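> Below you will find the structure I want to go over with you.
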Amino acid sequence: MAFDLVYLYHSGFALCFDNFSVLIDFYEDSADARHGFAHDKLPLRSGPLYILSSHFHSDHFCPEIFTFAELKEDTRYIFSKDIWKRRRQWLQEDDIAFLSEGDVFADEFLKVKAYDSTDSGVSFYIEAAGYRLFHAGDLNNWHWRNESTAQEAEACEKAYLTVLRKIRQEVDFLDLAMFPVDPRLGSDYDLGAEQFIDTITCAAFAPMHFWGQYAKAQAFAPKAEAQGCRFIDITERGQIFHFDKPGRH
């Protein structure tokens with residue numbers, strides 16, 4: 001089965017399979033906050049719509065996602081448990097699957113396992129239609145070397161590599177990784193992404209969390225391609241990338 005990856009904005013993506021769709025970390029739609037692919041196309045697609053939010057930060061969890069239940073009856077929500085703790089006043093649906101690290105949601109269409117993050121919430125490992133996918137949320141090597149002491153940066157890196165090794169124990173291959181390349185980190189803005197693809201074999205890599213700085217995101221392409229990754233070259237909101245078939249089994 002093929003699927004399309006749609007870049008919305010920031011860390012927001014839609015995954016469009018033949019008979020279901022997945023919306024991850026919606027912050028704004030592909031045109032603006034409330035207009036674009038997610039609002040116009042996803043509610044019209046066949047099958048259920050799964051909406052995932054990795055943590056409570058406003059650039060990953062937006063209350064606008066609850067309007068999709070009004071547009072599409074078969075809408076299902078899968079959230080990090082910290083959203084229940086930190087954004088409870090915004091929760092408008094009773095039937096929400098809340099995941100902490102190690103928890104799994106599974107039904108006839110997809111399986112979602114929550115792994116740890118080095119910030120808030122969780123990261124998501126997803127199995128769907130034979131594909132293995134990963135959305136990092138705010139999992140990254142948040143080292144802030146240009147602003148932190150050497151000891152602080154070392155501690156951040158150690159925490160990140162610990163999480164990464166734990167994921168690698170269970171996940172050795174991904175058809176697609178969606179991972180931060182955040183320019184605010186300064187000179188080593190892509191270090192966490194480079195360590196990720198050095199540790200886990202990825203057939204394709206999609207940058208995210210780059211705050212609209214497309215050139216910065218694109219600069220990671222040579223490193224991804226050197227590891228044999230198909231680099232998802234995002235240049236604007238609303239781009240669609242096609243995946244033909246899952247990789248190795």
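> ³J(HN,Hα) across the stretch 86-94 via Karplus (A = 6.51, B = -1.76, C = 1.60, θ = phi - 60°), whole Hz, x for Gly/Pro?
9, 10, 4, 5, 8, 6, 10, 10, 7
> Another question about this same structure. Each residue of the stretch 130-136 in order: what ³J(HN,Hα) in whole Hz does its phi give by Karplus 6.51 cos²θ - 1.76 cosθ + 1.60, θ = phi - 60°, with x for Gly and Pro?
x, 8, 10, 10, 9, 10, 6
> Explain nothing, just compute: Karplus ³J(HN,Hα) = 6.51 cos²θ - 1.76 cosθ + 1.60, θ = phi - 60°, for every residue of the stretch 105-120 in order, whole Hz, x for Gly and Pro.
With coefficients 6.51, -1.76 and 1.60, one gets 10, 8, 8, 6, 10, 8, 10, 10, 10, 8, 10, 6, 10, 9, 10, 8 Hz.
> Out of residues 5 or more away from Asp29 or on other chains, whose amide H comes under 5 Å of its own, with H placed 1.01 Å from N in the peptide plane?
Here the answer is Arg34, His35, since their amide H atoms fall under 5 Å of that of Asp29.
> Just from its helices, what would the mean residue ellipticity at 222 nm be for the chain, if runs of 4 or more DSSP H residues each count -39500 (n - 2.57) and the sum is divided by every residue, rounded to the nearest 500 deg cm²/dmol?
So the calculated ellipticity at 222 nm is -6000 deg cm²/dmol.
> Shape call for the stretch 132-249 from the C-alpha gyration tensor, a ≥ b ≥ c root eigenvalues: rounded (a/c under 1.5), prolate (a/b greater than b/c) or oblate?
In terms of gyration-tensor shape, oblate.
> Also, quick follow-up: For Leu71, Leu52, Leu5, what's the fewest-to-most ordering of other Cβ within 10 Å of each Cβ?
With the fewest neighbours first, Leu71, Leu52, Leu5 line up as Leu71, Leu5, Leu52.
> Largest first, please: the extent of the C-alpha atoms of the stretch 3-243 along each principal axis, to the nearest Å.
50, 36, 33
> Listing Asp244, Asp172 from the residue with the fewest other Cβ atoms within 10 Å to the one with the most, what is the order?
Asp244, Asp172
> Residues with amide H under 5 Å of Arg45's amide H, sequence separation 5 or more or different chain, H placed in the peptide plane at 1.01 Å from N; which?
Close amide H contacts, sequence-distant or interchain: none at all.
> In straight Cα distance, which lysines are under 26 Å from Lys158, not counting same-chain residues fewer than 8 positions off?
Excluding near neighbours in sequence, the set is Lys81, Lys113, Lys166, Lys216, Lys223.
> For the stretch 1-137, take N as its residue count and report Rg(C-alpha) divided by 2.2 N^0.38 Å.
0.95
> Now for a separate question. Among Lys113, Lys223, Lys245, rank each residue by its count of other Cβ atoms within 10 Å, from fewest to most, as a rough exposure measure.
Listed from fewest to most nearby Cβ atoms, that is Lys245, Lys223, Lys113.
> What do you get for Rg/Rh over the stretch 129-181 if you use C-alpha atoms and the Kirkwood form of Rh?
Looking at the stretch 129-181, the ratio lands at 1.07.
Values in this text are rule-based calculations from the coordinates and carry no lab data. Given the structure is predicted, the values throughout are model-derived calculations rather than measurements. Backbone-built Cβ (ideal geometry, glycine too); neighbour counts: all protein chains shown.
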